[in-house]
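Presented below is the structure to which this report refers.
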Amino acid sequence: MFGEVTLSLLQGFWGTLKLFILTLVFSLPLGLLISFGSMSHVKLIRFPIRFIIWVIRGTPLMLQLLVIYFGPGIILHSNIWGSGDTGRFVAALTAFVINYACYFSEIFRGGIQSVPVGQYEAGAVLGMTKTQVFFRVILLQVVKRIVPPISNEVITLVKDTSLARIIAVYEIIWKGQSFIKSAGIIWPLFYTGVFYLLFSGLLTLMFGWIERKLGFFEIK
Amino acid sequence: MSILEVRNIRKSFEHTEVLKDISFSMEQGQAVSIIGSSGSGKTTLLRCLNFLETPDEGIIRVNGETLFDSAAAESRSDASIRKKRLHFGLVFQSFNLFPQYTALENVMLAPNLLSKESGTADRDAIRTRALELLDQMGLSDRTDRYPHQLSGGQQQRVAIARALALHPDILCFDEPTSALDPELTGEVLRVIRSLAEQKTTMIIVTHEMSFARDVSDFAIFMDGGIILEQGPSTELFDNPKMERTKQFLSALQS
Ligand SMILES: Nc1ncnc2c1ncn2[C@@H]1O[C@H](COP(=O)(O)OP(=O)(O)O)[C@@H](O)[C@H]1O
Ligand SMILES: [Mg+2]
């Protein structure tokens, strides 16, 4: 039984992992783009983007999942997600990417804006180009500042992936729960917790390592 | 020919005119001090010279070459400004060292980038020169320290070495000791004094009056965005002509 459950949960965890990795792959760069938009000097760009960030961060991810999955079908009378598992997965991924991109964008913005203007000016008076100042002076300071909050978000994402089951995306809890019905046992559900703990533990170690690597300098 | 000629510089922020018709000139090897109460426009003037601000009006000439002329509709491309600002060096009140680089790396970064661009990459020469400068600043045993491992006075001396590494024609100091604890100002003033003795061309904005009097050949008193009085520094400090200058100097002495 244990082997069978483990195998089944591993399958479910693969769904969790796919959602987790793909969300990061798309939301991190999108978040950087959004952060530039939210810092734009052009009001016509800055205001709408800040509005969207406010809406996304101010409403539950669960609600966004439902709206993104069911919304198009009801409003446009066509299910743009297609039917079947893939459609539901893509819908869930879309909701996760939008949500996490907005959270990441605020972290990026905070990190970029926290670098004192004196750093840019010191680079400029030394004859460095804007690109050189950004890559040689600013970037690493931004990275150092954003690693802790990014690490928090990423570990939250591990757990948030379970929300996808609301639109029937197969992930690990779905699998664990199925044993209640099929075999009348609850321990597989607890077992899923072990997967989450191990995975988030691994990520914590990894981010801790990065933070230590960046510990050689300090910023005010 | 004067090494620096500043003519009729004006600069406004929104609706306040911060620099109102600033003109002065200085000679190679001179140290010029700029004094004046806070808000009188000293920082803004240095920032205009270093192209961190663009004057609304006026002319800036270095060695006869016009670097800025508000009347000439020249291109103000990043590239041209970059080249021009290399005539000046600027030491900030708050040091602004790059925290992720050691003292030595802070000094070498910009020269290395510039030499790489011009294709004359001579990293060894740059390194040797940086070590010499840090030695001159009394920091030969601190070259591998990161800024957070250095005292304020040491950080400011690294910043001075960093500015000197690019061989600026004119080195500007904006209140270099104002952010320092009193016991650390001495070491920074000492290296500026030794630079003056080596005839480094410098503009020093400072509130250290006796230091300014001793070190500078020429002094400028700014008040409310204008140069109220300027002259040889012993004259300006010992026999100020304007009532306002006298007030300012005696207020600081008491
Ligand atoms: N970027 C700016 N925007 C608006 N006002 C400024 C700016 N920079 C300086 N000022 C104003 O200009 C005046 C002169 O400032 P500053 O040049 O820093 O004087 P100082 O260095 O002599 O103390 C001050 O009143 C200051 O508030
Ligand atoms: Mg000032």
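The values are calculated or read from the model by the stated rules, or taken from the named source; none is laboratory data. The structure presented is a predicted model; accordingly, all values stated were derived computationally and were not measured. As a convention, Cβ positions derive from the backbone with ideal geometry for all residues, glycine included, and neighbour counts pool all protein chains shown.
For segment B:54-70, filtering for residues that are within 12 Å of B:K84 (Cα to Cα) and either within 16 Å of ligand 2 (Cβ to nearest atom) or crowded, with 17+ Cβ neighbours inside 10 Å (or both) leaves 5. Tell me, which residue of segment B:20-53 that is in a helix (DSSP H, G or I) and near ligand 2 (Cβ under 10 Å from one of its atoms) is nearest to the other protein chains (Cβ to nearest Cβ)? Per the criteria, the residue is B:R47. What about B:S12, is it of a type in the set (S, T, N, Q), within 13 Å of ligand 1 (Cβ to nearest atom), assigned to a strand (DSSP E or B) and away from every other protein chain (no Cβ under 14 Å)? Considered against the rule, which asks whether it is of a type in the set (S, T, N, Q), within 13 Å of ligand 1 (Cβ to nearest atom), assigned to a strand (DSSP E or B) and away from every other protein chain (no Cβ under 14 Å), B:S12 comes out as yes. Of the residues examined, B:R47 is one that is basic (K, R) and closer than 26 Å to B:E208 by Cβ. Where strands (runs of 3 or more DSSP E) sit wholly within segment B:148-254, those with at least 3 residues that are within 16 Å of ligand 1 (Cβ to nearest atom) and over 25 Å from B:A110 (Cβ atoms) occupy B:218-223, B:226-232. Just to be sure, is B:D56 within 15 Å of ligand 1 (Cβ to nearest atom), acidic (D, E) and either at pLDDT 95 or above or in the same structural domain as B:D174 (by TED's automatic domain parsing) (or both)? Yes, satisfied.
Among B:A110, B:A130, B:A159, which is the only one that is modelled with pLDDT of 95 or more, under 14 Å from the mean Cα position of the chain (by Cα) and either within 30 Å of A:V143 (Cβ to Cβ) or in the same structural domain as B:V32 (by TED's automatic domain parsing) (or both)? Checking each option against the conditions leaves just B:A159. On inspection, B:I3 fails the criterion of being in the same structural domain as B:E229 (by TED's automatic domain parsing), touching a residue at least 24 places away in the same chain (Cβ under 8 Å), in contact with a helix residue (DSSP H, G or I) (Cβ under 9 Å, 6 or more places away or on another chain) and not acidic (D, E). Counting only residues that are assigned to a loop (DSSP other than H, G, I, E, B) and at positive phi, which one in segment B:54-69 is farthest from the other protein chains (Cβ to nearest Cβ)? By that ranking, first place goes to B:G64. For the condition at pLDDT 95 or above, within 16 Å of ligand 2 (Cβ to nearest atom) and over 14 Å from the mean Cα position of the chain (by Cα), what is the one hit in B:F173, B:F221? Of B:F173, B:F221, the one residue that is at pLDDT 95 or above, within 16 Å of ligand 2 (Cβ to nearest atom) and over 14 Å from the mean Cα position of the chain (by Cα) is B:F221. The residues of segment A:162-220 that are more than 17 Å from A:S151 (Cβ to Cβ) and among the basic types (K, R), listed by number, are A:R165, A:K175, A:K181, A:K220.
Might you check whether a residue that is surrounded by fewer than 20 Cβ atoms within 10 Å (Cβ to Cβ) and at pLDDT below 95 occurs anywhere in segment A:90-99? Checked segment A:90-99: at least one residue is surrounded by fewer than 20 Cβ atoms within 10 Å (Cβ to Cβ) and at pLDDT below 95. Here segment B:117-140 is the region considered, the condition is being more than 10 Å from every other protein chain (Cβ to nearest Cβ), in a helix (DSSP H, G or I) and of a type in the set (D, E, K, R), and the residue that is surrounded by the fewest Cβ atoms within 10 Å (Cβ to Cβ) is B:D124.
Is one or more of the residues making up segment B:98-112 surrounded by fewer than 20 Cβ atoms within 10 Å (Cβ to Cβ), within 11 Å of chain A (Cβ to nearest Cβ) and part of a helix (DSSP H, G or I)? Yes, that holds for at least one residue.
For segment B:19-35, indicate whether the set of residues that are away from ligand 1 (no atom under 16 Å from the Cβ), more than 15 Å from B:L171 (Cα to Cα) and among the acidic types (D, E) is non-empty. There is no residue in segment B:19-35 that is away from ligand 1 (no atom under 16 Å from the Cβ), more than 15 Å from B:L171 (Cα to Cα) and among the acidic types (D, E). For segment A:103-146, taking the residues that are touching a Gly at 6+ places or on another chain (Cβ under 7 Å) and more than 14 Å from chain B (Cβ to nearest Cβ), the one that is farthest from A:M62 (Cα to Cα) is identified as A:I146.
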